[in-house]
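The values are calculated or read from the model by the stated rules, or taken from the named source; none is laboratory data. This structure is a prediction, so every number in the text was calculated from the model and none was measured. Positions of Cβ are generated from backbone atoms using ideal geometry, with glycine treated the same way; all protein chains shown enter the neighbour counts. What goes into the accessible areas is simple: the full protein's heavy atoms, side chains included, and nothing from ligands, DNA or RNA. Shrake-Rupley method; radii C 1.70, N 1.55, O 1.52, S 1.80 Å.
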Amino acid sequence: MAGPDLIKTLLYTVNNLLQQEKYKAALAVLKGFRNGAVYGAKIRAPHALVMTLLFRSGSLKDKFRAILKATYTHSRNLAYFVFTYKGLQALQEKCQGKSLQSHSFLAACVGGWLVFGNNNNINSQINMYLLSRILFALSRLAVEKGFIPQPKHDPFPLFATLVWGVVLWLFEYYPHTLQPSLQSSMNYLYHDSNVWHDITDFLVYNKPRIAP
């Protein structure tokens with residue numbers, strides 16, 4: 001019976017520690033690390049699974065190894081970033097005695113440089129994803145603060161026009177400037193659809209199957 005009693009005592013001690021206000025900042029940093037790892041895995045695993053099975057060549061073993069590597073890298077990097085960001089935020093607030101907007105910016109800059117500054121496929125995708133979001137957000141903020149006037153008409157159609165016009169122009173004439181995964185997707189959609197030999201690679205397969 002000593003085992004269950006020990007577990008009960010341990011759980012009570014841990015839960016009591018988690019309720020201590022003086023440890024809240026440090027505990028928030030640790031939970032941020034946990035949430036970053038979990039969220040990174042949830043986001044990357046299905047994306048890596050689909051993209052790898054659709055576009056990556058090689059054996060099934062190699063494909064699953066690539067999926068696991070991408071998932072681990074995304075999960076680890078996001079966990080490290082959240083840990084760094086929240087830790088630096090808490091440190092600045094403790095040093096200055098209050099929370100300032102600059103604390104968030106500076107903490108994120110340091111975390112971004114340390115964690116997402118390494119130029120690899122995973123970091124490139126994450127940074128580009130964020131870039132598109134912040135451009136939208138900054139545009140809305142500029143209108144909200146009165147720096148630019150409220151548009152009389154919805155600007156989204158113009159935005160879509162320019163985005164698709166530019167990306168297809170780049171793909172057709174300067175494909176090397178685009179990210180490899182985007183090149184693969186566009187090759188499948190726009191170039192592979194120009195080639196077929198019979199009904200099998202017109203409707204069933206993208207490319208003719210090579211006999212062993």
(Q) I want to make sure I understand the PRE zone here: with the label point 7 angstrom from the Cα of Asn118 toward its beta carbon, which residues in the range 50-73 have backbone N atoms less than 19 Å away? (A) 65-73
Q. Simple spin-label model, 7 Å along Cα-to-Cβ: Thr9 to Gln101 in nm?
A. 5.3 nm
Q. Do the sum for the chain: with -39,500 (n - 2.57) for every DSSP H run of n ≥ 4, divided by all residues, what is the mean residue ellipticity at 222 nm, to the nearest 500 deg cm²/dmol?
A. -24500 deg cm²/dmol
Q: Starting from one equal scatterer on each C-alpha and no solvent at all, send me the Debye-based log10 I(q)/I(0) for the chain at q = 0.07, 0.08, 0.10, 0.12 Å⁻¹, two decimals.
A: -0.40, -0.50, -0.73, -0.94
Q.
Going by average Cβ density within 10 Å per residue, which order do the peptides 150-160, 181-191 take, highest to lowest?
A. 181-191, 150-160
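Quick one: compute a quarter of the convex hull surface over the Cα atoms of the range 120-164 and quote it in nm². Mind showing how you got there, number by number?
Working: hull surface 15.9 nm².
The number I arrive at for the range 120-164 is 4.0 nm².
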Q) Over the chain, what relative contact order in percent results from Cα pairs under 8 Å that are six or more residues apart? A) 14 percent
Q. Each label point is 7 Å from the Cα along the Cα-to-Cβ direction; what then is the distance between the points at Ser57 and Ile43, in nm?
A. 3.1 nm
(Q) Excluding same-chain pairs closer than 8 in sequence, count the lysine pairs in the chain whose Cα atoms lie under 24 Å apart. (A) 24
Q. Any idea what angle helix 156-173 forms with the longest principal axis of the chain, computed on alpha-carbon atoms, 0 to 90 degrees, nearest 10?
A. 60 degrees
Q.
Distance between the C-alpha centers of the range 99-113 and the range 174-190? Whole Å please.
A. 34 Å
Q: Would you kindly state how much longer the chain becomes between Val195 and Ser132 on full extension, computed as 0.36 nm times their sequence separation minus their alpha carbon distance, in nm to one decimal?
A: 19.3 nm
Q.
Leaving out ligands, DNA and RNA, and with a 1.4 Å probe, what % of the accessible surface on the range 106-212 is carbon or sulfur?
A. 67 percent
**Q.** Lys31/Trp169 FRET efficiency (R0 45 Å; Cβ-Cβ; nearest 0.05)
**A.** 0.50
